[in-house]
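The values are calculated or read from the model by the stated rules, or taken from the named source; none is laboratory data. No experiment lies behind these values; they were computed from the predicted model shown. Cβ placement follows ideal geometry from the backbone for every residue including glycine, while neighbour counts extend to all protein chains displayed. Just so you know, the surface numbers come from the protein's heavy atoms only, side chains and all, with ligands and any DNA or RNA stripped out. Shrake-Rupley method; radii C 1.70, N 1.55, O 1.52, S 1.80 Å.
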Amino acid sequence: MSIILIVDDDHTARETLVAILEGEKYQIELARSGIDALQILEKLQPDLILLDVMMPGMDGFDVCRRIRSTPKLAEVPIILLTALDDRRSLLRGIESGADDFLSKPVDRHELLARVRTITRLNRYNILMKQRENLSEMAERLVSAQEKERQRISRELHDDLGQTLTTHLLSLRDLQNDLPLLPTETLHERIQSLHDESFEIFGKIRRLAQDLRPPVLDTLGLAIAMQTYCGEFTRRTKLPINFEADPSLPMLPDVYSITLYRVLQEALTNVIKHAEASQAWVDLTVEDQIISLTVQDNGKGFVEGNNPSGGIGLTGLRERVTLVGGKFNISSSPVRGTILLAQFPIPDEQTPKEEAA
């Protein structure tokens, strides 16, 4: 339903406009002055404003200019209602940002025709803008997915691919040398191949867990992150202090996997670039906002330079923004780097302690 704001200091004029429009299924809001209208517009985003020109204090021209200078209201259609019909007044209306004019007293049929045309056009413009936004979001999503595929491809080729190639060459050499090898040497070669196979298996397992950790589905985000931090410490020897709010609610899957990806990439950046001796990970809930903070005591970097060779900080920002979150990162050589990702908790999600 379209919202129409009527701004007129005259009670009879307001009631006349309401009587004309009330059968058209519009939501009508009323303002008795320019100041009153601006206060209403702080909380309301109408589809059309019917604005009287001759009002005491702040006239319609001034109100129109104020509306046009407010970014969130700048595109709202405005029809000026005026008894002035001189060329100078019409030019003032155009300069103030009015879209159309109607002469007082208002003709019922002309008013309805103008209102219907503008609200129809406004809905069309909104729909087109929404489609453009969806198209941009789809492009950004495809780009983020492609970067993720590139990362996986690079890990498969550069890490697993090279390891498997070496493994196959070792097997071929063993096959060629088999008739000449003493038993003890044969056992040593076989044990070496076994160790290599186990290492390859571990890499494949880690890659699969990074893509979609089973613990995320079975035990939830906090346990999944704690487990990842523990494994990351064992693998890299970087101490990580992990803390999670006990009131953490069950989150939408897209939030959970996005926050998990942020943690992965953040810690990867720390170990690759920060030269840190300690990292801290905090998962908190406050004022219906879930926040993930990853901090290190490393050397930091100049903001604007992306130190990552993985998804990258730009990719992380895109990923978080695409699903409705906020992303911020600050860094300095003195205090290291602090990364923050935040999401609003959906209304239907209730913290565990409140649900109990």
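If you wrap the stretch 1-118 in the convex hull of its Cα atoms and look at it from every side, the mean projected area works out to 6.6 nm². Beyond a 21 Å Cα-Cα separation, which of these cross-linked pairs lie in this structure: 272/299; 237/299; 237/272; 203/272; 43/326; 299/326? Long pairs (Cα-Cα over 21 Å): 43/326; 299/326.
Largest first and in whole Å, the equivalent-ellipsoid semi-axes of the stretch 203-295 read 21, 17, 11, each the square root of five times a Cα gyration tensor eigenvalue.
Converting phi to 3J(HN,Hα) with the Karplus coefficients 6.51, -1.76 and 1.60 and the offset θ = phi - 60°, the stretch 240-257 yields 10, 8, 10, 9, 10, 5, x, 8, 4, x, 6, 9, x, 4, 5, 5, 4, 5 Hz in sequence order, with x at every glycine or proline.
Under 5 Å between amide hydrogens, built in the peptide plane, is the criterion, and for residue 242 it picks out 281 among residues at least 5 positions away or on other chains.
A 1.4 Å probe over all protein chains sorts 58, 250, 225 by accessible area into 250, 58, 225, starting with the largest.
Shown for the stretch 1-68 is the translational diffusion coefficient from the Stokes-Einstein equation, using the Kirkwood radius over Cα pairs, a temperature of 37 °C and a viscosity of 0.692 mPa s: 274 µm²/s.
In this label model, residue 241 and residue 24 are separated by 6.4 nm, measuring between points 7 Å along each Cα→Cβ vector.
Near residue 251, no amide H atom lies under 5 Å from its own; only residues 5 or more places off or on other chains count, and H is placed 1.01 Å from N.
Of the residues 237, 203, 272, ranked by 1.4 Å probe accessible area with the largest first, the sequence reads 237, 272, 203. Here's the picture: charge each Lys and Arg Cβ at +1 and each Asp and Glu Cβ at -1 in the stretch 1-91, and of 67, 82, 46 the one pushed furthest to the positive end of that dipole is 67.
Couplings 3J(HN,Hα) of the stretch 56-63, computed from phi: x, x, 10, 7, x, 4, 5, 4 Hz, in residue order, whole Hz [Karplus 6.51 cos²θ - 1.76 cosθ + 1.60, θ = phi - 60°; x for Gly and Pro].
What the phi angles of the stretch 90-102 give under the Karplus curve with 6.51, -1.76 and 1.60, with θ = phi - 60°, is a coupling list of 5, 5, 4, x, 5, 5, 6, x, 5, 8, 7, 10, 9 Hz, glycine and proline written as x. Here the stretch 100-120 is scanned for amide nitrogen atoms under 13 Å from the site 7 Å beyond the Cα of residue 54 along Cα-to-Cβ, giving 103-106. Here the spin labels are modelled as points 7 Å beyond Cα on the Cα-Cβ line, and at residue 87 and residue 299 they lie 7.2 nm apart. For the stretch 168-235, a Kirkwood radius taken over Cα pairs fed into Stokes-Einstein (37 °C, viscosity 0.692 mPa s) yields D = 223 µm²/s. Summarising the amide proton neighbourhood of residue 290: residues at separation of 5 or more, or on other chains, whose placed amide H is nearer than 5 Å comprise 343, 345. Extension gain, residue 152 to residue 69, is 25.1 nm, computed as 0.36 nm per intervening residue step minus the present C-alpha separation. Diagonalising the gyration tensor over the Cα atoms of the stretch 227-269 and scaling each eigenvalue by 5 before taking the square root yields semi-axes of 21, 13, 7 Å, largest first.
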